[in-house]
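**Q** Just dropping this structure here.
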Amino acid sequence: MNSRDIMRWVVGAAIGVLVSGCVGMEQYEIRSDRYVRCYCDGGRKFRVWFQQDRATAVVDLGDRSVSLPKVTASESGDYYSDGVTGLSVKDDISVVEENGTVTYSACLSG
């Protein structure tokens, strides 16, 4: 088991329950290892778990996972950020930015 697998296990054990994926998905328990995969422009993809009534999003970008608290919620969508990485979600479309630069764009949940 490599460090990435261990981190995923620790994150999974810590979160407990996850809620719908990139909007409108069913509720899942993280112990079932279920998540929502988002497919983006340029063939990029990432996974996301929403937890605590969507107050936090755990985003697995492949090389790292980040826990992002919800910063804003409005009709134009939800925004999660830790100050470095941000996740914008509106309906079934999401965008990830890192250090102020969009790195995953036009992502659709699938």
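**Q** Based on this model, can you work out whether GLN51 counts as out of contact with any Lys or Arg (no Cβ under 6 Å at 6 or more places or on another chain), more than 27 Å from THR101 (Cβ to Cβ) and either modelled with pLDDT under 50 or not small (Gly, Ala, Ser) (or both)? Spell out the reasoning first.
**A** Numbers: out of contact with any Lys or Arg (no Cβ under 6 Å at 6 or more places or on another chain): yes; more than 27 Å from THR101 (Cβ to Cβ): no; either modelled with pLDDT under 50 or not small (Gly, Ala, Ser) (or both): yes.
Judged against the criteria, GLN51 is not a match.
**Q** When you scan the stretch 45-92 for strands (runs of 3 or more DSSP E) that lie fully inside it, which ones turn up with 3 or more residues that are out of contact with any Leu (no Cβ under 9 Å at 6 or more places or on another chain)?
**A** Details: elements: 45-51, 56-60, 65-74, 77-81, 85-90.
Once the strands (runs of 3 or more DSSP E) in the stretch 45-92 are filtered for at least 3 residues that are out of contact with any Leu (no Cβ under 9 Å at 6 or more places or on another chain), what remains is 65-74, 85-90.
**Q** Residues of the stretch 73-110 being in contact with a helix residue (DSSP H, G or I) (Cβ under 7 Å, 6 or more places away or on another chain) and on the phi < 0 side of the Ramachandran plot, which ones?
**A** Step one: of the stretch 73-110, the residues in contact with a helix residue (DSSP H, G or I) (Cβ under 7 Å, 6 or more places away or on another chain) are 105-106.
Within the stretch 73-110, just SER105 meets the criteria.
**Q** For the stretch 54-77, enumerate the residues that are surrounded by 13 or more Cβ atoms within 10 Å (Cβ to Cβ) and either more than 12 Å from the chain's Cα centre (by Cα) or under 16 Å from TYR104 (Cα atoms) (or both).
**A** ALA57, VAL58, VAL59, ASP60, LEU61, SER65, VAL66, LEU68, VAL71, ALA73, GLY77
The values are calculated or read from the model by the stated rules, or taken from the named source; none is laboratory data. As the structure is a computational prediction, the values presented were derived from the model and not from experiment. Heads up, the Cβs are rebuilt from the backbone with ideal geometry, glycines too, and the neighbour counts pull from every protein chain shown.
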